[in-house]
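The values are calculated or read from the model by the stated rules, or taken from the named source; none is laboratory data. Everything numeric here is computed off the predicted structure, so don't read it as measured data. Reconstructed Cβ throughout: ideal geometry from the backbone, glycine too, with neighbour counts over all protein chains shown. Note: accessible area is taken over every heavy atom of the protein model, side chains too, but ligands, DNA and RNA are not part of it. Shrake-Rupley method; radii C 1.70, N 1.55, O 1.52, S 1.80 Å.
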Amino acid sequence: MPNREDYIGVFDSGVGGLSVLKALLQELPGERFLYFGDCANAPYGTKTTQQVKDLTFAAAEKLFCRGIKALVVACNTATAAAIDDLRAKYPDGIIVGIEPAVKLAHDHYPQGKVGVLATPVTLREEKFAHLAENFSQMEITPIPLPGLVELIEKGEDPEAFLQPVLAPYRNKLDAVVLGCTHYPLIAPVFRSILGQNTELLDGAKGTAQQTKRRLLAADLLEKGEGCVVFESSAEGDFEKRCKTFLEEKS
Ligand code: DGL
């Protein structure tokens, strides 16, 4: 049986899930978080669905074996490819997954023009087709950005990569959904290319609120000191990189 003081596992292919961890820390400051970045296997978003499923299952297994009380899949790509199967495998586990914030965009602009930026896997999976269908009053433009996650992981400037792809949309969209958790980490670049008239939206806060609701319902909310432990599947200065991202404003 899980205990209140157990870790909440938070997982992404790399540093992207930190945008979700930030929201979790705000919503749940008394919790202990174990953040796992599968950097050795990033990026996920250009792999086959089966590959993403296998990697997600391996990461979930590793975290559940550590005795986490809840798993937050802080990766839209992993949610799209694997969350249903994951919930079937761990029917008693609390598993929350982030999805592109299309509903939030609909709340703000019910008949608006909305771009959804995400990985190729997220945009080609059935879950996204359903989401878009449910909010078909909006004009939704899916914009896959293969190659961007690698730049963010390496800490390289993404401006030259994004400019030609996104300049045609400048000030033409009401909102852009950042449907990959890496993207909020470079929000200022999106803002400068897309223009002042386009609102940037993401699902981090909603995911954190959902995690809180699930913990409350299971009587597993912890109100302690709070802490974060960082782990990665790759060698290197992961903890240091994570702390830098967490401290940056976006
Ligand atoms: N951060 C992830 C997402 O939200 C995955 C990025 C990747 O590894 O391609 O989709």
**Fill in**
Contact order relative to length for segment 136-244, counting C-alpha pairs under 8 Å separated by 6 or more residues, stands in percent at 19
**Request:** Identify which of Pro144, Pro184, Pro29 has the largest mean-square fluctuation in a Gaussian network model of the chain, with springs joining Cα atoms closer than 10 Å.
**Result:** Pro29
**Asked** Magnitude of the Cβ-charge dipole of the chain, K/R +1 and D/E -1, about the Cα centre, nearest 20 debye?
**Response** 340
**Message:** Give me the percent relative contact order of the chain, please, defined on Cα pairs under 8 angstrom at least 6 residues apart.
**Reply:** 29
**Fill in**
Over the chain, the sum of -39500 (n - 2.57) across DSSP H runs of at least four, divided by residue number and rounded to 500 deg cm²/dmol, gives at 222 nm -13000 deg cm²/dmol
**Request:** Please identify, among Leu55, Leu216, Leu24, the residue showing maximal mean-square fluctuation in a Gaussian network model of the chain using a 10 angstrom Cα cutoff.
**Result:** Leu216
**Item:** Sequence-distant lysines (8 or more away, or on other chains) whose Cα lies within less than 24 Å of Lys22
**Value:** Lys62, Lys69, Lys103, Lys154, Lys205, Lys212, Lys223, Lys240, Lys243, Lys249
**Complete:** Taking alpha-carbon centroids only, segment 131-153 lies from segment 169-241 a number of Å equal to 15
**Fill in**
Carbon/sulfur accessible area of the chain, % of total, 1.4 Å probe, equals 49
**Prompt:** If you wrap the chain's Cα atoms in a convex hull and average its projection over all directions, what's the area in nm²?
**Reply:** 12.5
**Message:** If each residue of separation counts as 0.36 nm, what is the full-extension length gain between His108 and Cys65 once their alpha-carbon separation is subtracted?
**Reply:** 11.4 nm
**Fill in**
The set of residues whose placed amide H lies less than 5 Å from the amide H of Val228, leaving out same-chain residues fewer than 5 positions away, is Phe33
**Asked** Name the trypsin sites (Lys or Arg not before Pro) in segment 171-250 that are in a loop by DSSP and that have at most 14 other C-beta atoms within 10 Å, would you?
**Response** Lys172, Lys223, Lys249
**Complete:** Probe 1.4 Å, heavy atoms of protein chains only: per residue, the accessible area of segment 152-250 in Å² is 55
**Message:** Tell me the per residue accessible area of segment 1-129 using a 1.4 Å probe; a whole number in Å² is fine.
**Reply:** 38
**Message:** Could you tell me the relative contact order of segment 166-210? Use alpha-carbon pairs under 8 Å, at least six residues apart, and round to a whole percent.
**Reply:** 51
